[in-house]
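Shown next, in structure tokens, is the structure this report addresses.
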Amino acid sequence: MPYSGLKRRFGPEYGRTLAHHNGNAKAAEQELSERVRLYGSLKEQRLPPEARERYVAQWANIQEQFVDSPHQAVAEADALLARLAEDRGFPGREQFHEQLAALSVHHADQVYGYRDMHTAVRGQSSTEEMREAMVEARGLFAALTTEQAADSGRHRTRSPGDHAQTPTTHGRHQAKGSGT
């Protein structure tokens, strides 16, 4: 796939991969082309409605838990996203880098939040960094819980419950039922 096609397909992931290769465009494009070759034909599995409802409820509970236990909430959200991706047909959670590579082919615009969350769980992240990772990972969660299959990450499709899954309003946690 030529440069312009990879850049358009991967969006911000193209820039991250380019930076990872110290600006070496050829190496970055080779890596991204390999991801497309390996995972481009992957067909996302549909989620049964009851599984989708279960994931949405679990995500809401994790977001509520964040105020009292941010690290535990981020760790649980990371594990939930890994299981959800696996249920949608992506490589298993025990192969994080492969799972992330496959997700980047189909959800390039949302994958960075998941990567940041995974990093936050394993590092010494501040509460604000963990909050930001949760907020960013919500985009991938929403994309994976929609009924339609992804279209290579180029367009985000909102799920019917997106607005109900928001843990923050203007950067502040919103308590359930607070009305603010």
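Laid out as a table, the results:
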| quantity | calculated |
| --- | --- |
| Mean Cα-pair separation over length for region 1-153, i.e. relative contact order, pairs under 8 Å, 6 or more apart, % | 27 |
| Added length on full extension, which subtracts the Cα-Cα distance from 0.36 nm per residue, HIS20 to GLN65 | 12.8 nm |
| Accessible carbon and sulfur surface of region 1-74 relative to its total accessible area, %, 1.4 Å | 53 |
| Inverse mean reciprocal Cα-Cα distance (Kirkwood Rh) of region 44-121, Å | 12.9 |
| Part-to-part distance (alpha-carbon centres) for region 1-70 and region 80-138, which is given in Å | 8 |
| Cα-only Debye scattering, region 13-75: base-10 log of I(q)/I(0) at q = 0.16, 0.19 Å⁻¹ | -0.80, -0.79 |
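The values are calculated or read from the model by the stated rules, or taken from the named source; none is laboratory data. Nothing here was measured: the structure is a model prediction, and the numbers come from that model. Each accessible area value is taken on the protein alone, full model and side chains, heavy atoms only, with ligands, DNA and RNA left out. Shrake-Rupley method; radii C 1.70, N 1.55, O 1.52, S 1.80 Å.
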